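Beneath this line is the structure, given in structure tokens, with notes to follow.
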Amino acid sequence: MLAASSMLPYSLTMAQQSNKFDMSFAPHEGMFKNLAGDDIVDQINFAAGQGFTSWEDNDMKKRSASDQERVAKALQNNNMDMGVFVASAIDWNNVSMSVGDPAYVENFVKEMEESVEVAKRVDAQWMTVVPGVADLKLHKDYQMANLAECLKRGSAVLEKAGLIMVLEPLNTYENHPGLLLTEIPQAYYLCKAVNSPSCKILFDIYHQQITEGRIIGNMNMAWDEIAYFQIGDTPGRNEPTTGEINYKNIFKHIHEKGYRGVMGMEHGNSMSGVKGEHAVIDAYLDVGNFL
């Protein structure tokens, strides 16, 4: 990994950076703003200086093309990988892709086409898809079948570009009530039904601890369809070591299974200000070194 910037007093030397973390953890905008400043490029440089080798940006698609290019350049300069961005978000007012409405399907295809252009611009491989709310008047199996057909259409777009949508089940207890896709087995079923290298699972450990528990067991069952992971402890959805999840064991297991991709740090800081940002770094130094 390249040094972030010799101009930053908080950057580490390459010797200090080496083997700092055993996985490619990806912070996001705002996580280190007190230490790095408000500008996203300064935040990327700072993260690189602390030994983080990836970056995640759910809102990348909402940024201007010039800002996307600016972020991409910063990542390239720091030899960092780009994690997920959101390609298709929840529409809380519509049941969207699960009802079989051709208009929703065509809109999803358009979202994938737009997302391909963003992915090319920022050198991303994965993009998040959250199908939306459930239709209480339509049997769940019909909805899953409709959703699978819609995902096939979107996957066909991504296959041509060599990109991957990752389906993210979300918990309905604390954050997202009423969604159709909430469990890893559902996502696994959809991936098998779609049968495309461009349709895989985003395993968000925070959400699945709340919904299902048995993290390692469910992970093993769905392993061949998992393409991306996100992190957050519970309760609180903050950095590892602040809740009930044994992240050191989970990270070690994921690594031993052969995963070498991005680990998205999709959580908040348990404490505010500089103190909280140092706490995040310290937490990953604790659980992110297991080899």
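The numbers here are math on the coordinates, done by the rules we state, and not lab data. Please read all numbers here as calculations on a predicted model, not as lab measurements. Ideal geometry is used to build each Cβ from the backbone, glycine not excepted, and the neighbour counts take in all protein chains shown.
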Note to self: I want to verify a result. In a Gaussian network model of the chain, Cα cutoff 10 Å, which of these has the top mean-square fluctuation: Lys200, Lys275, Lys61?
What the structure shows: Lys275
Next item on the list: Measure nothing fancy, just the Cα-based angle from helix 65-77's long axis to the longest principal axis of the chain, in degrees from 0 to 90, nearest 10.
Entry: 50 degrees
Notebook entry, point to check: For the chain, with only Lys/Arg (+1) and Asp/Glu (-1) charged at the beta-carbon, what is the dipole magnitude about the Cα centre, in debye rounded to 20?
Noted result: 420 debye
Checklist line | Mean separation of Cα contacts under 8 Å, 6 or more apart, over the residue count of the range 29-287: relative contact order % | finding: 15 percent
Note to self: Given a 10 angstrom Cα cut-off, can you work out which residue in Met23, Met127, Met271 is the most mobile in a GNM of the chain?
What the structure shows: Met271
Margin query: If I build a Gaussian network model for the chain, linking alpha-carbon pairs within less than 10 angstrom, which residue out of Ser198, Ser66, Ser98 has the largest mean-square fluctuation?
Written below: Ser66
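Among the trypsin sites (Lys or Arg not before Pro) within the range 121-154, which fall in a DSSP loop and have no more than 16 other Cβ atoms within 10 Å of their own Cβ?
Lys137
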Check: Using only the Cα atoms, what convex hull volume per residue in Å³ does the range 167-220 have?
Finding: 71 Å³
Notebook entry, point to check: Which value, in debye to the nearest 20, describes the size of the charge dipole of the range 105-177 about its Cα centre when Lys and Arg Cβ atoms bear +1, Asp and Glu Cβ atoms bear -1, and nothing else is charged?
Noted result: 120 debye
Notebook entry, point to check: Among rounded, prolate and oblate, which fits the range 16-59 when a ≥ b ≥ c are the square roots of the eigenvalues of its C-alpha gyration tensor, a/c under 1.5 means rounded, and a/b larger than b/c means prolate?
Noted result: oblate
Next item on the list: Would you mind classifying the range 173-261 by shape? Square roots of the alpha carbon gyration tensor eigenvalues, ordered a ≥ b ≥ c; an a/c under 1.5 is rounded, otherwise it is prolate if a/b is larger than b/c and oblate if not.
Entry: oblate
